[in-house]
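The values are calculated or read from the model by the stated rules, or taken from the named source; none is laboratory data. Values in this document were obtained by computation on a predicted structure and should not be read as measured data. Don't worry about glycine lacking a Cβ; one is built from the backbone with ideal geometry, like all the others, and counts go over all protein chains shown.
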There are 2 protein chains.
Amino acid sequence: MPEPIASRAAAQAADEADPLGYARARFVLPEGRVYLDGNSLGALPTGVRDAVQDTVEREWGRDLIGSWNSNGWWTLPARVGDRIGALVGAAPSQVMCGDSTSIQLFQALVALARLNPGRRTIVTDEANFPTDQYLAESVARLLGMQLIRVSPHDVGAVLGPDVAVVSFSAVDYRTGQLWDAAAVTQAVHAAGALMLWDLAHVAGAVPFELDALGADAAVGCSYKYLNGGPGAPAWIYLAARHQDGADLPLCGWQGHVAPFQLDAVYAPAPGVERARIGTPPVLAMRSLDAALDVFDGVSLLDLRAKSLALTSLVLGYADALGVPSVTPRDPARRGSQVALQLPFAYELTQALIARGVVGDFRAPDLLRLGFAPLYLSYVEVWDAMDTLRAVLETEAWRDPAFATRAAVT
Amino acid sequence: MPEPIASRAAAQAADEADPLGYARARFVLPEGRVYLDGNSLGALPTGVRDAVQDTVEREWGRDLIGSWNSNGWWTLPARVGDRIGALVGAAPSQVMCGDSTSIQLFQALVALARLNPGRRTIVTDEANFPTDQYLAESVARLLGMQLIRVSPHDVGAVLGPDVAVVSFSAVDYRTGQLWDAAAVTQAVHAAGALMLWDLAHVAGAVPFELDALGADAAVGCSYKYLNGGPGAPAWIYLAARHQDGADLPLCGWQGHVAPFQLDAVYAPAPGVERARIGTPPVLAMRSLDAALDVFDGVSLLDLRAKSLALTSLVLGYADALGVPSVTPRDPARRGSQVALQLPFAYELTQALIARGVVGDFRAPDLLRLGFAPLYLSYVEVWDAMDTLRAVLETEAWRDPAFATRAAVT
């Protein structure tokens, strides 16, 4: 790793040399703001507006029902799935786009548990995103299994002959910790369990190798670093070797082997097609499809390098300010965000937003800043940290009355 | 009921007297076609384009993450749910919009089965739409229950002390049969079971009284007569009396009592808010929200009267042609579609589409025509039947080689 950028001049130089500098023009960015919340809702890619408008006016308005064939609506979920797969190391025909991450978690957890019968334990991360934990609870209850919560760091302590499935997020949504997915997957497999990765904070920001790791299944959303739009459809990866044995509980008509025969009894389609459920949200999926164009020609290694350079800049600046972070110092263990730990973090987040620096708050005391390498410049991130410094230097923020004052600035 | 319209002049007179005539201007309709497939994908309401564009450009592009509050994204599923509820006889705070019908069926079936513990049987219609049957199979298997398939007509024969839930579609998707929902619900309740209605072919076309019937739960899609767009989000109705006891298996983070506390353990929100699952598809839901404006000021009684006048016209014309129908003659038992039974129905459907009359085919021998009363005129429906007559009069269609010829006309 190069040294962290430690001055505005160095940030300017990094922008001038940025091999991804061209990508910023692929987004519509808000005036006068530094948007560090792309890990919650990605910015708007320029191509989305026309794509959605065309879907509304021509495909829906003019071509109507015929669009399922003539405009490729029927094949859209698999095509978009393949495009996402290419960003997370999945060869084609293993990713299906649709529904929400919660739904896909349920689907994948049941399918993997059924692929590993006789074992009665599901393991998830005690710090996993809530929906990951809630759906794991629900699946364990429906299947008469037990749920164990443990940090990925300590998974070795709970692996054993009763563990059917391990479900972790590859990047912790609070701390930005990137787990060693290869080591975890290997340990899980060595214990005879199956591995499910949630890549919500990975896809579009951190290279991942689902196939090479031998992951069994994965899920993810597409409204964060994939910039698909608010509530954009999620996706599921089912490793090719498991597809024809995958017994999916959400077995909608579109996953049937012959959906238009409208048979009374379910028989799953071969391959990843069985992971279709009901009618896909076409408008939202066309938005996502257009949004994925921003990755055309982008090297994921360049993306990762810029992501780490940005988060290193921020961690270095925070060090200089004496602000602690819960995000790993080791670049190999860091996603594309930095969470700073501060008193009055909620009020501070609001004060920053009022000054044009948009991050978010995670209870009880984290200011969470996300870094989308395709549309952020080094200089604006430097300036955002300057803004943070300026707020902290008012010293008002150390005062218990800061909350009140922050709200009115 | 008035006599069926039996001439083009009578159709013209009906258009001139149509109390819903103003509503046609609320849609963008394709040139040169009579669209009789609104029971599969409703036509485009005029307000959708601007609403979706505003959501993309201003709400997403400019306001970004702040839109969850400032532009009402967070409350959108409940607000849209209430608007749908008003069209199916549900008082506010009982309908939540989101996900697909398949997902909502799963959710409702498990919830109702858990509300009626000790009983081990789910009943569904042997002719129900496939996804309704597939999800009922899946739920029965997950909960260790049995599934019985029976026509709503014969439900009395299977009701008994072991039946927990009965799940029927109020209108048969093939035949257009409208079941006697009051009588069925009453019989189901008398046997101690709970009633789930699928209103996919009801909402927006046939008045329904969920509250007055005492229905326990309902689901529906919104891309048919609600005109929400391709793959528009579905909805679930949970009767107020069941909400706080509803134990939903798809317990996503947005249905948590305090979603932003990000607790590790699930605790459901009170009321219908617990029926939220993951992040809602905002673009698709804004499309639906705008689409629902076409019902502003519309009398559902006028809607029903026009629907029956259109289907009566078609049945009368078909009688004159000697074409049989599987759709009930009794208007009280008819939804808003007519299914004609014909040899070479597939090829005939294609030949009609080639002549600008858009219906659809349902295997093995049905030409299915749907009637959306808000945007169809009596004259165009009359003319569509004239087109059907013209195709049938070619006599080519009775020839086994019709398939080949139909494909090239």
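Structure values in brief
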{"read-out": "Odd one out for B:Tyr375, checked against (1) modelled with pLDDT of 95 or more; (2) out of contact with any Lys or Arg (no Cβ under 7 Å at 6 or more places or on another chain)", "value": "(2)"}
{"read-out": "Residue in region B:240-254 that is out of contact with any helix residue (DSSP H, G or I) (no Cβ under 9 Å at 6 or more places or on another chain) and within 30 Å of B:Asp360 (Cβ to Cβ) present", "value": "no"}
{"read-out": "Filtered residues of region A:286-301 (kept if assigned to a helix (DSSP H, G or I) and more than 7 Å from every other protein chain (Cβ to nearest Cβ))", "value": "A:Arg286, A:Leu288, A:Asp289, A:Ala290, A:Ala291, A:Leu292, A:Asp293, A:Val294, A:Phe295, A:Leu300, A:Leu301"}
{"read-out": "Checklist (1) within 14 Å of chain A (Cβ to nearest Cβ); (2) among the small types (Gly, Ala, Ser); (3) farther than 21 Å from B:Trp74 by Cβ; (4) surrounded by fewer than 24 Cβ atoms within 10 Å (Cβ to Cβ) applied to B:Gly245, failing item", "value": "(1)"}
{"read-out": "Unmet criterion (only one of (1) at the interface with chain A (Cβ under 9 Å from one of its Cβ atoms); (2) at negative phi; (3) buried (at least 24 other Cβ atoms within 10 Å of the Cβ); (4) in contact (Cβ under 8 Å) with a residue 40 or more places away in the chain) for B:Ala127", "value": "(3)"}
{"read-out": "Search result, residues across region B:154-192 that are in contact with a strand residue (DSSP E or B) (Cβ under 9 Å, 6 or more places away or on another chain) and farther than 26 Å from B:Leu87 by Cβ", "value": "B:Val158, B:Leu159, B:Gly160, B:Asp162, B:Val163, B:Ala164, B:Ala191, B:Gly192"}
{"read-out": "Helices (runs of 4 or more DSSP H) contained in region A:3-78 and holding at least 3 residues small (Gly, Ala, Ser), over 30 Å from A:Pro280 (Cα atoms) and more than 10 Å from chain B (Cβ to nearest Cβ)", "value": "A:8-16"}
{"read-out": "Single match in B:Ser312, B:Ser325 (criterion: without any contact (Cβ under 8 Å) to a residue 40 or more places away in the chain and away from chain A (no Cβ under 14 Å))", "value": "B:Ser325"}
{"read-out": "Selection status of B:Asp263, more than 9 Å from chain A (Cβ to nearest Cβ) and of a type in the set (D, E, K, R)", "value": "no"}
{"read-out": "Test: residue in region B:110-117 that is within 12 Å of chain A (Cβ to nearest Cβ), assigned to a helix (DSSP H, G or I), free of Cβ contacts under 8 Å to residues at least 60 places away in the same chain and among the charged types (D, E, K, R)", "value": "no"}
{"read-out": "Residue that is nearest to the other protein chains (Cβ to nearest Cβ), among those in region A:153-175 that are crowded, with 24+ Cβ neighbours inside 10 Å and not acidic (Asp, Glu)", "value": "A:Tyr173"}
{"read-out": "Criterion violated by B:Met96 - all others in (1) touching a Lys or Arg at 6+ places or on another chain (Cβ under 7 Å); (2) of a type in the set (A, V, I, L, M, F, W, C); (3) facing chain A (nearest Cβ under 8 Å) satisfied", "value": "(3)"}
{"read-out": "Pair list, Cβ < 6 Å and 6+ apart or interchain, from region B:69-93 residues that are exposed (fewer than 14 other Cβ atoms within 10 Å of the Cβ) to residues that are assigned to a loop (DSSP other than H, G, I, E, B)", "value": "B:Ser70/B:Asp63"}
{"read-out": "Condition met for A:Leu392 (at pLDDT 95 or above, among the aliphatic types (A, V, I, L, M), outside the structural domain of A:Val202 (by TED's automatic domain parsing) and under 30 Å from A:Tyr225 (Cα atoms))", "value": "no"}
{"read-out": "Check on A:Val206, hydrophobic (A, V, I, L, M, F, W, C), at pLDDT 95 or above and crowded, with 22+ Cβ neighbours inside 10 Å", "value": "yes"}
{"read-out": "Residue that is of a type in the set (Gly, Ala, Ser), buried (at least 24 other Cβ atoms within 10 Å of the Cβ) and either out of contact with any His (no Cβ under 7 Å at 6 or more places or on another chain) or more than 14 Å from every other protein chain (Cβ to nearest Cβ) (or both), where the choices are A:Ala218, A:Ala182, A:Ala190", "value": "A:Ala218"}
{"read-out": "Checklist (1) touching a Phe, Trp or Tyr at 6+ places or on another chain (Cβ under 9 Å); (2) under 22 Å from A:Val265 (Cβ atoms); (3) surrounded by 24 or more Cβ atoms within 10 Å (Cβ to Cβ) applied to B:Glu137, failing item", "value": "(3)"}
{"read-out": "Sole residue being in contact with a Pro (Cβ under 6 Å, 6 or more places away or on another chain) and in the same structural domain as A:Asn69 (by TED's automatic domain parsing), chosen from A:Ala284, A:Ala218, A:Ala269, A:Ala212", "value": "A:Ala284"}
{"read-out": "Only listed residue being touching a Leu at 6+ places or on another chain (Cβ under 8 Å), closer than 25 Å to B:Ala212 by Cβ and β-branched (Val, Ile, Thr), chosen from B:Val298, B:Val282", "value": "B:Val298"}
{"read-out": "Selection from region A:248-263 of residues that are free of Cβ contacts under 8 Å to residues at least 24 places away in the same chain and buried (at least 16 other Cβ atoms within 10 Å of the Cβ)", "value": "A:Gly255, A:His256, A:Pro259, A:Leu262, A:Asp263"}
{"read-out": "Boolean, B:Leu283 is in a helix (DSSP H, G or I), surrounded by 24 or more Cβ atoms within 10 Å (Cβ to Cβ) and not β-branched (Val, Ile, Thr)", "value": "yes"}
{"read-out": "Residue list for region B:266-280, filter: part of a loop (DSSP other than H, G, I, E, B) and more than 10 Å from every other protein chain (Cβ to nearest Cβ)", "value": "B:Ala269, B:Pro270"}
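The rows are residues; the columns are (1) among the small types (Gly, Ala, Ser); (2) buried (at least 23 other Cβ atoms within 10 Å of the Cβ).
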| position | (1), (2) |
| --- | --- |
| B:Arg274 | no, yes |
| B:Lys306 | no, yes |
| B:Gly322 | yes, no |
| B:Ser325 | yes, no |
| B:Asp330 | no, no |
| B:Gln337 | no, yes |
| B:Pro343 | no, no |
